Amino acid sequence: MRVPAIKFSKVTLGYMLAIAWVVSIALSPFFRHPSDVPTWKFLGEITFNLRINPLPYTSFYGSCWLFTILSSYPTYLIVSLFRASDLFLNLILKVPIIVGDLIVGVVLFKFTKSKLVTAMWLFNPFVIFVSAIQGQFDVLPTLFVLLATYFLLQRKNLASAVSLAIGIGFKIFPVFLLPFFIIFSLKNLGRKATLKYVIVLVAVVAVLFAPFFLPQNFKYLFEGLSDLPQRSVAYVGSSVSYIEYLTLQLHFLSNYNFLYVFIPLYLALFFVSKKFVKDFNTLNLSIIVVLLLLFVTYNTMHPQFLIWILPFLFIEYERNKRVPVVLVSALWIWMLVWIFSWNLGSWVVGPLEPFFANASTGANNQLLLVSSMNFSAYAFACLASVTGLLRRVKLASSKRVRYLILSVSTLLMDLLLYLFYGSSMIFIPVLCFGLFFPLIVLSFGEGNS
Amino acid sequence: MRHKILLVVAVTAIIVALSIVLPSKPDLPTNQGMTHFTRNGKNINGTATWTITEIDPAYFSYLSNATTIKLTITGNLTNSQQGSVYINNYFLETLKVSQSVYVLNVPVEFCSSTTTIKITSQEWDVKSVDLLISVDIPQVPTWWKQNLWIIALGLLVEILIMGVSARKVLKWIEPSENTS
């Protein structure tokens with residue numbers, strides 16, 4: 001008997017959501033991030049068992065993730081009356097994250113009307129890995145930034161302000177996107193509506209951060225920035241605060257990436273955007289550019305951060321076909337390589353990193369450096385691609401020659417960095433950064449025109 | 001729509017049941033919670049103090065019976081010299097032997113949420129001081145078990161809110177479903 005073939009066009013959004021839920025929920029009890037999920041458990045334990053204030057231990061996030069954990073934990077507590085199971089705890093802590101994945105899929109569908117894009121998100125191995133397997137909550141702030149964009153496009157500016165504020169309540173990166181939302185609102189909704197937007201946003205942020213304003217917690221918002229003494233907690237690394245993360249750990253004088261790359265480029269982007277950001281396409285582009293800029297300059301880049309940008313890259317791909325799939329795939333691959341070198345030392349990415357290679361510690365920093373350099377090269381290529389800089393570049397007329405240049409440059413850069421990591425031969429990182437890095441970026445030219 | 005929901009509910013129920021029934025070992029040791037506060041050292045010629053302000057008051061109220069506190073001082077005491085250690089002006093110990101690390105037991109009642117460590121010595125190059133607070137979790141009566149009704153009520157309210165939100169989300173999805 002012949003089984004009728006299922007056409008992709010017949011598959012409904014509901015089916016995709018159901019399958020994505022089943023896949024994620026089936027994986028989630030049996031895997032977890034080695035330190036972060038135990039940290040979420042620790043937070044529940046100290047709150048509900050010991051009545052110890054958990055806020056200082058999550059002070060580098062906003063309060064929203066803590067609220068999410070503390071809302072999920074009672075289900076585990078009630079079940080633990082019958083049988084305490086860490087598998088069930090893994091599952092229950094990941095449920096809000098998995099729901100976040102699904103809603104991002106729906107919002108992406110609303111934006112693009114493309115089932116292919118929705119499927120590329122919902123069944124993306126990287127997304128499933130980060131959310132259902134590792135249990136990282138990066139999809140939640142991403143969802144709220146995406147919703148803020150969606151509502152702004154729908155001219156529901158108050159809903160947009162609330163969404164963006166919740167995003168800020170989860171993680172820091174939406175703060176860097178805020179000026180572009182304001183510019184968009186000014187251009188499209190007028191001054192009065194923008195003023196309302198800002199007032200609502202500030203009010204909701206103030207409510208979400210209210211626990212930090214209690215006398216016993218206030219210092220944790222700033223600790224680190226004001227050079228207070230070091231604090232460390234077993235199981236939970238919280239020696240930095242929200243403000244410290246927001247300033248990308250400015251007090252590290254060695255944070256050259258941030259000081260000399262991020263600040264000037266971000267300011268330039270902001271001033272250019274005052275004329276440039278007019279419609280949804282340009283707002284989406286500015287979000288992508290800011291996030292890519294953060295990726296290549298942030299001094300503690302973690303693999304799961306790529307989740308922040310993926311929905312916006314998909315939207316850009318679907319609407320303007322400007323981001324080559326091969327580039328996004330390369331980003332994923334290098335991020336996955338990075339995940340497997342997770343515990344090998346400091347997680348630094350950025351083009352200036354090889355100049356300060358000795359500052360990193362760890363048994364296998366060569367591998368880490370190679371993967372981070374590749375990731376940042378591909379992120380730069382993506383940045384150049386979305387800003388249209390690559391459209392005029394003609395490195396070679398033949399596609400094969402360009403891919404040959406790409407392969408040879410990547411291979412040579414990786415070999416040199418791996419073999420001479422940490423040596424005093426400064427010309428090696430200069431050669432890599434000055435020659436191979438631009439060749440990798442430029443080899444994506446022309447093909448994107 | 002109904003069979004999709006049925007499929008989702010059935011698979012979820014099976015996975016939830018499996019996650020509860022299948023054997024699992026704890027991810028982290030449940031017998032101890034620890035916090036420690038480290039400060040950089042000083043070269044002491046007279047008196048030096050370090051103040052720790054960020055200790056949770058809970059350790060000194062209802063957790064005090066299950067709490068142990070240790071003070072670790074690193075840095076060699078110069079030969080023939082001695083150093084006296086005080087916690088919140090309570091005398092703790094006088095050290096005489098030269099060694100690189102000193103670990104001292106601190107009575108819980110000496111400490112408070114603001115704890116000052118004071119050392120007097122004629123010559124002692126202290127590299128660091130570290131106050132380690134441990135709580136033996138099984139010794140503490142769990143708060144949530146004594147307030148089970150509050151937890152259950154909170155959970156019920158949460159489920160109701162989530163049910164209402166889920167309905168709204170489903171309604172929001174429906175138009176997309178029709179155009180897909």
Notebook entry, point to check: Being outside the structural domain of A:Ser114 (by TED's automatic domain parsing), closer than 30 Å to A:Asn284 by Cβ and modelled with pLDDT under 70, is that true of even one residue in region A:401-424?
Noted result: no
Note to self: So A:Leu13 ticks every box in (1) within 7 Å of chain B (Cβ to nearest Cβ); (2) out of contact with any Ser or Thr (no Cβ under 8 Å at 6 or more places or on another chain); (3) over 28 Å from A:Pro303 (Cα atoms) but one. Which box is left unticked?
What the structure shows: (2)
Check: For A:Val430, which of the numbered conditions (1) of a type outside the set (D, E, K, R); (2) outside any helix (DSSP H, G or I); (3) under 29 Å from the mean Cα position of the chain (by Cα) fails to hold?
Finding: (2)
Next item on the list: Looking at (1) more than 16 Å from the chain's Cα centre (by Cα); (2) part of a helix (DSSP H, G or I), find the lone condition where A:Leu143 falls short.
Entry: (1)
Check: Taking B:Leu71, is it surrounded by 14 or more Cβ atoms within 10 Å (Cβ to Cβ) and within 14 Å of chain A (Cβ to nearest Cβ)?
Finding: no
Check: Right, B:Leu156: over 25 Å from the mean Cα position of the chain (by Cα) and closer than 30 Å to A:Leu81 by Cβ or not?
Finding: yes
Next item on the list: May I ask you to say which residue of B:Thr78, B:Thr49 is within 13 Å of another protein chain (Cβ to nearest Cβ), more than 30 Å from A:Phe31 (Cα to Cα) and among the β-branched types (Val, Ile, Thr)?
Entry: B:Thr49
Check: What is the residue count in region A:94-126 for residues that are more than 11 Å from chain B (Cβ to nearest Cβ) and among the aliphatic types (A, V, I, L, M)?
Finding: 7
Notebook entry, point to check: Inside region B:89-106, can you point out the residues that are surrounded by fewer than 16 Cβ atoms within 10 Å (Cβ to Cβ) and of a type outside the set (A, V, I, L, M)?
Noted result: B:Asn89, B:Tyr90, B:Phe91, B:Glu93, B:Thr94, B:Lys96, B:Ser98, B:Gln99, B:Ser100, B:Asn105
Check: Listed residues A:Phe137, A:Phe176; which is assigned to a loop (DSSP other than H, G, I, E, B) and within 21 Å of A:Ser59 (Cα to Cα)?
Finding: A:Phe137
Check: Which number in (1) in a helix (DSSP H, G or I); (2) within 7 Å of chain B (Cβ to nearest Cβ); (3) surrounded by 20 or more Cβ atoms within 10 Å (Cβ to Cβ) marks the one condition that A:Leu50 misses?
Finding: (1)
Notebook entry, point to check: Is one or more of the residues making up region A:31-42 among the hydroxyl-bearing types (Ser, Thr, Tyr), touching a Leu at 6+ places or on another chain (Cβ under 7 Å) and not in a helix (DSSP H, G or I)?
Noted result: no
Check: Out of (1) more than 10 Å from chain B (Cβ to nearest Cβ); (2) part of a helix (DSSP H, G or I), what's the single condition that is false for A:Val23?
Finding: (1)
Check: Scanning for something of a type in the set (Phe, Trp, Tyr) and either outside the structural domain of A:Ser35 (by TED's automatic domain parsing) or at pLDDT 95 or above (or both), does region A:216-233 turn up at least one residue?
Finding: no
Next item on the list: Please give the number of the condition A:Gly44 fails out of (1) more than 9 Å from chain B (Cβ to nearest Cβ); (2) at pLDDT 85 or above; (3) closer than 16 Å to A:Val130 by Cβ.
Entry: (3)
Check: Yes or no: B:Thr120 of a type in the set (Val, Ile, Thr), surrounded by fewer than 14 Cβ atoms within 10 Å (Cβ to Cβ) and touching a strand residue (DSSP E or B) at 6+ places or on another chain (Cβ under 7 Å)?
Finding: no
Next item on the list: Within region B:10-21, identify whether any single residue is in a strand (DSSP E or B) and either facing chain A (nearest Cβ under 7 Å) or modelled with pLDDT under 85 (or both), and answer yes or no.
Entry: no
Check: Listed residues B:Ser100, B:Ser113; which is within 14 Å of chain A (Cβ to nearest Cβ) and touching a residue at least 24 places away in the same chain (Cβ under 8 Å)?
Finding: B:Ser113
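The values are calculated or read from the model by the stated rules, or taken from the named source; none is laboratory data. Note that this is a predicted model, so its numbers are computed, not measured. Note: ideal-geometry Cβ built from the backbone for every residue, glycine included; neighbour counts use all protein chains shown.
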